[in-house]
Amino acid sequence: MGFSSIGSTKARAGLISGSNWKGNSGCVRVAKQRDAGVSGDLLRLRGLGLTYANGTRALDNVDLAVGEGEFLSLLGPSGCGKSTILRLVAGLLAPTTGGVERVRPITRGDTGFVFQEPTLMPWARIIDNVRLPLDLAGVPRAEAQERAEDGLARVGLGDFLRAFPAELSGGMKMRAALARALVTAPRLLLLDEPFAALDEITRLKLNDDLLALWERERFTAIFVTHSVFESVYLSGRIAIMGPRPGRVVEQVTVELPWPRDLSVRTGTAYGALCRDVSDRLHRAMGALI
Ligand SMILES: Nc1ncnc2c1ncn2[C@@H]1O[C@H](COP(=O)(O)OP(=O)(O)OP(=O)(O)O)[C@@H](O)[C@H]1O
């Protein structure tokens, strides 16, 4: 949950007008990103560091720009701070150093969050789960109902409005979670390994469903994953992170055509890019150094 709670005081705690921003130097061929629908920066993470209360240094000096309308993946080993970055961007945590500059205003309700678990309310029907962010935002009931029904239709759950979560498969629950995150038409969607718990076939299908939604609605997506294959398939750009304390070691522009589909997934360019990103990830982890 927590899709529409982003414009709070906590959210503003991470804002800076920084001085130690090093720019977007790691990103190759930015022009291609513009082709992929990116129109200037929405966010800039500058010198971002986070040490948890127990002394764990999760992040150190993370510099990263996020373009408006971009699909960006954060790829890195377990524990390198990917989820921590999402929480900082969402304003759920305040940074120890640096901050998240919102280059363009992101107001309350502009950010959606999708977690690895669908986190649906088990006692509420799917339609009520999806309508909840609109109800909380005070949207009139009839309009909220229509928008929630629309959102469910878009993720292929138009026939399951009155079902309870327990009556849906894992993939269907994740679709419902996506519909709930998108029902407020967020400008920024934060996805924390949303498909990691799903079987491979469902995961591939949901990759396509997510891309179709992104191509239609052009929200800015920050997608956390361990999977090289998933990151290459989905992204316009991949930020590769090194081990804790996490930082962005390298950024790779994915020069595959849009829309992405089976022909892309089975093409030689996709395979070559996956190998390349995998090598870079291993180097970032120190395994090949
Ligand atoms: N609330 C917390 N208190 C203390 N340490 C934390 C807390 N949350 C995360 N950490 C630590 O911070 C580091 C980064 O955690 P984070 O969850 O951001 O990594 P991650 O890259 O998302 O990992 P994974 O891919 O396994 O989900 C880890 O060492 C983790 O143990």
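Where residues in the stretch 55-76 are over 11 Å from Met241 (Cα atoms) and among the polar types (S, T, N, Q), which of them is surrounded by the most Cβ atoms within 10 Å (Cβ to Cβ)? Of everything passing the filter in the stretch 55-76, Asn61 is surrounded by the most Cβ atoms within 10 Å (Cβ to Cβ).
Filter the stretch 43-82 down to residues that are among the polar types (S, T, N, Q) and more than 8 Å from the ligand (Cβ to nearest atom) and give me whichever is nearest to Ile222 (Cα to Cα).
Out of the qualifying residues, it is Ser73.
When the stretch 127-156 is filtered for residues that are more than 19 Å from Gly112 (Cα to Cα) and of a type outside the set (D, E, K, R), the ones remaining, listed by number, are Pro140, Ala142, Gly156.
Among the residues making up the stretch 68-84, a single one is at pLDDT below 95 and touching a helix residue (DSSP H, G or I) at 6+ places or on another chain (Cβ under 6 Å): Gly76.
Could you grab me the full set of residues in the stretch 266-289 that are within 16 Å of Phe71 (Cβ to Cβ) and free of Cβ contacts under 8 Å to residues at least 60 places away in the same chain? Answer for the stretch 266-289, where residues must be within 16 Å of Phe71 (Cβ to Cβ) and free of Cβ contacts under 8 Å to residues at least 60 places away in the same chain: Tyr270, Leu273.
Candidates in the stretch 222-275 are the residues that are of a type in the set (Lys, Arg) and within 20 Å of the chain's Cα centre (by Cα); of these, the one that is nearest to Ser78 (Cα to Cα) is Arg247. Does the stretch 150-172 include one or more residues that are of a type in the set (S, T, N, Q), farther than 28 Å from Glu68 by Cβ and either at pLDDT 95 or above or surrounded by 19 or more Cβ atoms within 10 Å (Cβ to Cβ) (or both)? No: the stretch 150-172 contains no residue that is of a type in the set (S, T, N, Q), farther than 28 Å from Glu68 by Cβ and either at pLDDT 95 or above or surrounded by 19 or more Cβ atoms within 10 Å (Cβ to Cβ) (or both). Every condition in (1) buried (at least 23 other Cβ atoms within 10 Å of the Cβ); (2) away from the ligand (no atom under 11 Å from the Cβ); (3) more than 18 Å from Leu234 (Cα to Cα); (4) not charged (D, E, K, R) is met by Ile85 except one, and the failing one is (2). Looking only at the stretch 221-238, decide whether some residue is farther than 27 Å from Leu182 by Cβ and among the aliphatic types (A, V, I, L, M). There is no residue in the stretch 221-238 that is farther than 27 Å from Leu182 by Cβ and among the aliphatic types (A, V, I, L, M).
The values are calculated or read from the model by the stated rules, or taken from the named source; none is laboratory data. Keep in mind that this is a model prediction, so the values were computed, not measured. Here the Cβ is made from the backbone with ideal geometry for all residues, glycine too, and neighbour counts use every protein chain on show.
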